[in-house]
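Working notes for the structure below.
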């Protein structure tokens, strides 16, 4: 159970998907919910004193915490710097790879097995729409979360982005908390981190 918001959590989660609080189970919590290798759960929510045994798997080693890999592609070095700074404010550690155009972005996604991609719409060699479309057509990256940055927030651009498969848009200029919240939401929704 999350100590901050009280939601039920999966034991392998290190971050609450509801409130983004770090979650750690103390030895006392683990000992109080297990007995002889089986977890004890309340038989009903009305009477927590009655407990039933539920078979559990053998105790595992500490869970491996996913460290998401994020590719950021923008031809404007100042924007790239701001986005990277924002990503360092995420509630988890991430690996960040940058690209200056669409072709470099595709290469970075492939080389680093990216977990999320942030694309500028207008870039040299291949724009964000083209990159998004290529990623969606490849079975290995078809479900990769993609967030697009655009200076032009008109409905036509947004519609085109959604049609090629983007998950979200952020209009420039943007606030750091907004970008952090959107990236966190995409990572939480896709990977549970």
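Take the conditions in contact with a helix residue (DSSP H, G or I) (Cβ under 8 Å, 6 or more places away or on another chain) and at pLDDT 90 or above and apply them to residue 167. Does it pass? Yes; evaluated as a whole, the condition is true for this residue. Against the condition over 20 Å from the mean Cα position of the chain (by Cα) and surrounded by fewer than 17 Cβ atoms within 10 Å (Cβ to Cβ), how does residue 173 come out, does it pass? For residue 173, the condition - over 20 Å from the mean Cα position of the chain (by Cα) and surrounded by fewer than 17 Cβ atoms within 10 Å (Cβ to Cβ) - is met.
When 78, 111 are checked against the criterion of being closer than 20 Å to residue 177 by Cα and out of contact with any strand residue (DSSP E or B) (no Cβ under 7 Å at 6 or more places or on another chain), 78 stands alone in meeting it. For segment 54-73, a residue qualifies if it is farther than 17 Å from residue 193 by Cα, at pLDDT below 95 and in contact with a strand residue (DSSP E or B) (Cβ under 8 Å, 6 or more places away or on another chain), and the qualifying residues are 54, 55, 56.
Here's a check for you: in segment 92-110, which residue that is exposed (fewer than 15 other Cβ atoms within 10 Å of the Cβ) and under 19 Å from the mean Cα position of the chain (by Cα) is farthest from residue 146 (Cα to Cα)? Selected residue: 93. Just to be sure before I move on: is residue 157 within 19 Å of residue 80 (Cβ to Cβ) and in contact (Cβ under 8 Å) with a residue 12 or more places away in the chain in the structure I sent? No: the conditions fail for residue 157.
The values are calculated or read from the model by the stated rules, or taken from the named source; none is laboratory data. For clarity, every value in this text was computed on a predicted model and none was experimentally measured. Here Cβ is always computed from backbone atoms with ideal geometry, including for glycine, and neighbour counts include all displayed protein chains.
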